[in-house]
1. Do we find a residue being part of a helix (DSSP H, G or I), surrounded by fewer than 22 Cβ atoms within 10 Å (Cβ to Cβ) and either of a type outside the set (S, T, N, Q) or at pLDDT 85 or above (or both) anywhere in segment 72-84?
2. Pull up segment 204-258, narrow it to residues that are outside any loop (DSSP other than H, G, I, E, B), modelled with pLDDT of 95 or more and of a type in the set (Ser, Thr, Tyr), then point me to the one that is nearest to Glu178 (Cα to Cα).
3. Looking at the structure I just gave you, is Ala105 among the hydrophobic types (A, V, I, L, M, F, W, C) and surrounded by 18 or more Cβ atoms within 10 Å (Cβ to Cβ)?
4. If a residue must be open to solvent by 50 Å² or more (accessible area, probe 1.4 Å) and either at pLDDT below 90 or touching a strand residue (DSSP E or B) at 6+ places or on another chain (Cβ under 6 Å) (or both), how many such residues does segment 402-424 contain?
5. Just to be sure, is Leu53 modelled with pLDDT under 95 and not charged (D, E, K, R)?
6. Return the residue satisfying two criteria in turn: it lies in segment 347-401 and is among the β-branched types (Val, Ile, Thr), touching a Pro at 6+ places or on another chain (Cβ under 9 Å) and modelled with pLDDT of 85 or more, and of such residues it is nearest to Gly458 (Cα to Cα).
7. Out of all the residues in segment 338-349, which are in contact with a strand residue (DSSP E or B) (Cβ under 9 Å, 6 or more places away or on another chain) and open to solvent by 20 Å² or more (accessible area, probe 1.4 Å)?
8. Taking segment 273-297 only, how many residues are among the β-branched types (Val, Ile, Thr), closer than 12 Å to Glu86 by Cβ and surrounded by 22 or more Cβ atoms within 10 Å (Cβ to Cβ)?
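The values are calculated or read from the model by the stated rules, or taken from the named source; none is laboratory data. Bear in mind that the values here come from a model prediction, so they are computed numbers and not experimental data. Cβ: placed from backbone, ideal geometry, glycine included. Neighbour counts: every protein chain shown. For the accessible areas, the whole protein counts, side chains as well, though only heavy atoms, and no ligand, DNA or RNA atoms are used. Shrake-Rupley method; radii C 1.70, N 1.55, O 1.52, S 1.80 Å.
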Amino acid sequence: MKTLLFLTFLVTNAYSKRVAIIGGGVSGTFVAKYLSDFDTNCTLSTVEIFDPLPIGEPVSVSTKPDFDWQGSRVSSLKLKDGTIVELGASVAFNGFRLVKNMIDADDSVEIGDAHNAGPTRTDDTTRDGIGIYNGNGVWSLLTSNTPSFLSALLLSWRYNIDLWTMSRASNIMQQGLERIHGWLNSTYPTTFFDSPDAMWNAAELLVPAHISFDDFLDALGLPRELQWWRRFLPYQGSLREELLTAINLCNYNQANSQVNGLVGVGSFVSAKVKLWSIIGGNTKIVKSAFQQAQNTSRAHCGKSGVVRHVPKQVTSVIADLESMELFSETESLGYYDVVVLAAPIQQSRMSFLIKSDKDSAVLHDMPLFGDSISMEEKETEDLQSLTPTKLPESISRPYTQVITTVISNATLEASHFLMQEHELPRGIYMTEKGREEEFGITAISQLTSDGVYKIFSGNVLEERTLSTLFGNGYVVEYTKVWGGQYGGATPDYRGEGASIKYTMYDSSSQVEGFRGSVLYYPNAIEASFACMELSAIGAKSVARLASRRLGMLVHQENLSDSIGNEL
């Protein structure tokens with residue numbers, strides 16, 4: 001009888017694989033969807049997404065911010081009147097191929113304008129245009145009450161050759177991303193990238209991924225200050241000091257010297273293309289990806305329940321040679337062949353451990369990202385007291401703090417900006433000087449005609465600051481702080497990218513010739529560039545690696561799919 005049970009275990013383990021995904025955001029749900037796409041032979045018996053929050057549901061104004069675990073790319077807020085506000089800065093355009101493909105596959109998900117407050121909350125009284133503000137009533141750029149074609153002409157005249165240079169650089173980057181999208185649909189061996197750096201290198205984008213945006217602009221020949229001869233022309237400005245700085249402060253709360261070249265060029269793309277957002281909030285794309293994963297798995301295998309959500313917070317991952325066991329505090333959540341950490345490791349609040357091959361009661365810190373075991377064995381019952389081994393510096397430092405303040409029943413004080421009411425733009429974006437003068441604020445956006453505003457800042461705004469900007473009668477609906485020891489909205493790039501592999505730990509590396517459990521990290525891509533589409537690219541890259549390992553994807557020896565021919 002024991003022999004029969006053992007043989008049954010071997011057969012089940014050989015052909016049915018279990019996957020755990022920690023995090024129910026874009027990375028996690030997209031990984032689940034792509035794994036379901038690849039699992040045409042029903043290799044996967046379980047794909048469980050662990051997240052303490054419901055997948056794809058907006059938070060409400062009654063939700064305590066401390067319990068809002070959503071990332072800044074998919075953090076949607078529902079006001080009492082039903083208005084949806086995207087707490088983060090994430091918008092999209094048609095170049096977001098993976099995100100757009102996910103939307104196109106679901107008729108219930110629709111796209112609208114980039115302000116994301118719903119299709120019925122704007123009218124003729126809603127302001128238009130943007131302004132770049134230097135503080136003290138000085139505006140670098142103002143396009144309010146200006147037709148779109150004239151706004152384009154104003155930008156071209158003000159920034160002339162510099163704007164053309166940046167447009168050319170952004171076109172090259174977009175071409176590189178197009179190649180990457182093509183490779184992600186290939187099964188040729190060289191299109192399976194073990195790290196974002198390998199992908200950037202193949203797409204000829206490695207250099208901008210590892211130098212500051214300032215250095216990248218120097219290489220392009222964009223001047224740091226307005227050239228002397230342009231000072232004799234009317235309405236001339238510095239693209240570098242004005243528009244490029246304002247975009248990066250808004251998107252990342254980091255100046256040109258702090259982000260890398262890839263991030264800076266990617267941010268610029270948002271200034272030259274038509275942007276859109278998801279009606280009802282970015283959380284809808286997360287919910288859709290999860291449901292599509294369930295539907296695809298059901299269609300392939302004829303059964304439900306393979307892909308499911310487990311509302312638990314994972315606190316520890318303990319690996320041996322054959323599997324990984326997940327824990328929520330002291331509760332075991334199960335054993336898995338593949339684990340995907342689909343959340344920033346800095347914010348995961350997790351321990352990563354391996355069992356001693358001599359005594360399973362003895363635990364080592366897990367050697368992450370190829371680190372070697374160099375610590376003394378530790379025996380403990382308190383799993384929370386153990387921390388990971390030394391991490392790459394770029395992923396051990398906290399993310400950049402950003403505060404989103406949402407207010408309603410508000411009227412922006414035009415006099416504060418030395419303007420008339422009708423002159424105010426819909427979006428106000430700060431230069432570095434403007435941020436310094438305006439209480440650390442990086443952006444102010446009017447979302448609805450009846451007084452809903454969203455403000456980005458580096459610190460929590462005091463009541464007197466809000467009163468200065470909005471007078472009396474406004475209502476603070478929600479204050480979201482991305483910061484602290486486990487928080488932050490975007491990676492702290494410090495003027496460079498980082499080289500991190502998608503594989504955090506592979507038990508096969510401990511025994512030659514043995515293929516055991518593996519831990520993947522799609523968020524490795526955020527160390528070089530963070531946005532919704534890059535999260536999707538990281539998710540698909542990891543799903544491809546995992547599917548190849550599990551035998552769900554077979555290499556296609558077709559030269560037409562090779563990177564060499566793509567380039």
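1. If we filter segment 72-84 for residues that are part of a helix (DSSP H, G or I), which is where we start, we get none.
There is no residue in segment 72-84 that is part of a helix (DSSP H, G or I), surrounded by fewer than 22 Cβ atoms within 10 Å (Cβ to Cβ) and either of a type outside the set (S, T, N, Q) or at pLDDT 85 or above (or both).
2. Ser212
3. Working: among the hydrophobic types (A, V, I, L, M, F, W, C): yes; surrounded by 18 or more Cβ atoms within 10 Å (Cβ to Cβ): no.
It is false that Ala105 is among the hydrophobic types (A, V, I, L, M, F, W, C) and surrounded by 18 or more Cβ atoms within 10 Å (Cβ to Cβ).
4. Count: 1.
5. Numbers: modelled with pLDDT under 95: yes; not charged (D, E, K, R): yes.
Taking the combined requirement at face value, the residue satisfies it.
6. In the first step, residues of segment 347-401 are kept if they are among the β-branched types (Val, Ile, Thr); the result is 354, 362, 373, 380, 387, 389, 395, 400.
Now restrict to residues that are touching a Pro at 6+ places or on another chain (Cβ under 9 Å): 354, 373, 389, 395, 400.
With modelled with pLDDT of 85 or more added as a condition, the list becomes 354, 400.
On the way: Ile354: 39, Thr400: 9 Å.
The selected residue is Thr400.
7. Ala343 - this is the single residue of segment 338-349 that is in contact with a strand residue (DSSP E or B) (Cβ under 9 Å, 6 or more places away or on another chain) and open to solvent by 20 Å² or more (accessible area, probe 1.4 Å).
8. Going residue by residue through segment 273-297, those that are among the β-branched types (Val, Ile, Thr) are 273, 278-279, 283, 285-286, 296.
If we keep only those that are closer than 12 Å to Glu86 by Cβ too, we end up with 278-279, 283, 285.
In the following step, the residues that additionally are surrounded by 22 or more Cβ atoms within 10 Å (Cβ to Cβ) were identified as 278, 283, 285.
Counting residues in segment 273-297 that are among the β-branched types (Val, Ile, Thr), closer than 12 Å to Glu86 by Cβ and surrounded by 22 or more Cβ atoms within 10 Å (Cβ to Cβ) gives 3.
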